[in-house]
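In what follows, a structure is listed as structure tokens, so that the remarks can point back to it.
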Amino acid sequence: MNLKIQFTYEADVVVCGAGTAGAIAAIASANEGKKVALIEQFGAAGGSATLGLVTPLMHTGIEGNPMCSYISQKINGKLIEYGGASGDGSAFDPQMLSLVLEEFLAQDNIKIFYYTFICDVLRKEDSIEGIFVQNKSGRGIISGKVYIDATGDGDVAYLSGADFKSGDEETGKNQPVSLRYMLGGINIEKFREFLAKYGHISDNISTAMTIPNRNWPLYPIFMEAIENGDLVEDDAVYWQIFGVPGRKDTLAFNCPEFFDATDGVDFEDLTHVQLHGKMAIMRQLKFYKKYLPGFENAYISQIATMVGIRESRRIVTDYMLKADDILAHRKFVDGIVQSNYPIDIHGRKLRLEANVVDRSFEGNRPFYEIPYRSVVVKGIDNLLVAGRCIGADFVAQSSLRIMPTCRAMGEACGIAAAISIDNNIDLHKMDGSRVRKHMIKRGAEFADNI
Ligand SMILES: Cc1cc2nc3c(=O)[nH]c(=O)nc-3n(C[C@H](O)[C@H](O)[C@H](O)COP(=O)(O)OP(=O)(O)OC[C@H]3O[C@@H](n4cnc5c(N)ncnc54)[C@H](O)[C@@H]3O)c2cc1C
């Protein structure tokens, strides 16, 4: 095997993964004047939000839905301008987001490495000195002063030897995974009329079911299809649809869901889900055509390139966010993100503790905060982590994993990296409130300032 180094690149900030959090981290650092390298295994930015077809942005559960990210606000605005999003920008077309992100990433001081896989880390004592990557040009080393692990799975932290947790502390199992898809050619009006007969009346078609929810209007139809052998039970455990702005004949499906092959860092499980996911999508398409008015001419318009991973490695950071922090709506002096999204653990039996969300939006606007210390990787001098793999227990992660929160973490990390470099401040000793102040100065809306 030829492991010679064919190329090298030096930046100030190396962002690993151009996904939900990583793309924003790169833009944030570049906006602070840093030279940024952005490494991505696929040929597009956005990660789960684009290649995983995850839409819409979940509501933060806070009145006014603050994004805690000026970049997220700008992206949402641009998507609305292009007709690729509706409302406050939360409902969006993944394909349009992919284009908009690249518009924001097209800056002289951002060097994008697409089709480039992070395969190892060069670590000296407690610092990272470079990221080993592999692409069609060969093997390279990309180095910088600060590294941001936004790979979703904490690949960089893991390869650096940082500690991590994974799965439910009680069962060891990771959250279920899904392979999302979109169908075109649907007569939405006809389907909407059909749903209305079952009591579902909404302009924005969005509905979900789980088997235990026997009151769900379409429950009898799913049960009939299972009895007839047209669906299997798992098809009906979690089924969710969303309208897609700008696509009048399209629905996005948050399924099929898998409850057993759930290890997001095991290629066998990932392969299994892609192969069996496609079979399930075909089965579901046949079901819609047979049982649901409006689907007569439906066709598969997109299947996710990325398997939808809800939770895999959770990297050990200076502060590990706990379930209790979320349930108690805990605030931190170094809070960089705010959310009131519920604890949302999928499974054949849902563990959804909806009581943590006060959707009345009255009183003191309950929400919790994520402290800056939860993105600083323990034991490594120059590594931050952003996205679903930050330091948190299993239950806390189930709430913080939503996209608005991941984007805000990316922004916080991008800004923290710049402050650290400009002022020669140790990431572990940085005053996180400084990061949040800077985010607000740039225009980020927090619950306290809207
Ligand atoms: C099925 C499903 C449905 C969901 N539904 C919603 C929803 O409706 N609303 C909501 O707000 N949230 C939802 N979420 C949660 C949310 O989508 C994710 O938690 C969030 O997008 C994760 O962002 P991230 O930046 O951590 O990872 P990602 O967005 O996945 O980004 C990681 C990036 O790193 C790249 N990468 C990884 N490893 C490497 C490597 N070794 N080398 C190079 N590149 C690498 C990946 O290709 C990817 O681009 C859902 C999640 C799932 C799985």
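Nothing in this text is a laboratory measurement; each read-out follows from the coordinates by a stated rule. Quantities reported herein were computed from a predicted structural model and do not represent experimental measurements. Don't worry about glycine lacking a Cβ; one is built from the backbone with ideal geometry, like all the others, and counts go over all protein chains shown.
Rounded to the nearest 20 debye, the dipole size of segment 177-309 about its Cα centre is 640 debye, using +1 on the Cβ of Lys and Arg and -1 on the Cβ of Asp and Glu.
Among 27-37, 94-104, 216-226, sorting by the average number of other beta carbon atoms lying within 10 angstrom of each residue, highest first, gives 27-37, 94-104, 216-226. Per-residue packing, averaged as other Cβ atoms within 10 Å, sorts the ranges 378-389, 68-79 into the order 378-389, 68-79, beginning with the highest. The aspartates and glutamates within cross-link reach of residue 197, meaning a Cα-to-Cα straight distance under 17 Å and a gap of 8 or more places when in the same chain, are 189. Rounding to the nearest 10 and keeping the result within 0 to 90°, find how far the Cα-based axis of helix 267-291 lies from the longest principal axis of the chain. Taking Cα atoms only, the helix is inclined about 30 degrees. Ordering 84, 396, 142 by Cα displacement along the dipole of the chain toward the positive end leaves 84 in first place; charges were set at the Cβ atoms of Lys, Arg (+1) and Asp, Glu (-1).
Within the same chain, aspartates and glutamates fewer than 8 places from residue 136 are excluded, and of the rest, those with a Cα less than 16 Å from its Cα are 40. For the chain, adding -39500 (n - 2.57) for each run of n ≥ 4 DSSP H residues and dividing by the number of residues yields -9000 deg cm²/dmol at 222 nm.
Sorting the segments 227-235, 81-89, 283-291 by their mean number of nearby beta carbons within 10 angstrom, highest to lowest, gives 81-89, 283-291, 227-235. Seen from every direction in turn and averaged, the convex hull around the alpha carbons of the chain projects onto 21.1 nm². At an R0 of 35 angstrom, the distance between the Cβ atoms of residue 207 and residue 268 translates into a FRET efficiency of 0.60.
Full extension of the chain segment joining residue 80 with residue 429 gains 121.7 nm, where the gain is 0.36 nm per residue of separation less the Cα-Cα distance.
Between the C-alpha center of segment 401-450 and that of segment 1-34 there is a gap of 18 Å. Each label point was placed 7 Å from the Cα along the Cα-to-Cβ direction; for residue 124 and residue 188 their separation is 5.6 nm.
With both labels modelled 7 Å from their Cα along Cα-to-Cβ, the residue 5 to residue 297 distance reads 5.8 nm. How far is the Cα center of segment 71-97 from the Cα center of segment 315-341, in Å? Centre-to-centre (Cα) distance: 27 Å. DSSP bridge analysis restricted to the chain gives an antiparallel fraction near 70%, rounded to the nearest 5.
Electrostatic tally near residue 150: other residues with Cβ closer than 12 Å to its Cβ, Lys and Arg +1, Asp and Glu -1, net -3.
When the dipole is taken about the Cα centre of the chain, and only Lys, Arg (+1) and Asp, Glu (-1) are charged at their Cβ, what size is it in debye, to the nearest 20? Write out the running numbers ahead of the final one.
On the way: 47 positive and 57 negative charges, 115 e Å.
Roughly 560 debye for the chain.
Counting only alpha carbon atoms, the long axis of helix 20-31 and the longest principal axis of the chain meet at about 40°. Extending 7 Å from the Cα toward the beta-carbon at both residue 103 and residue 260 defines two label points whose distance is 4.6 nm. The C-alpha atoms of the chain define a longest principal axis, and helix 432-442 lies at about 70 degrees to it. Legend: calculated FRET efficiency, residue 114 to residue 322, from the Cβ-Cβ distance at R0 = 45 Å, rounded to 0.05, equals 0.75.
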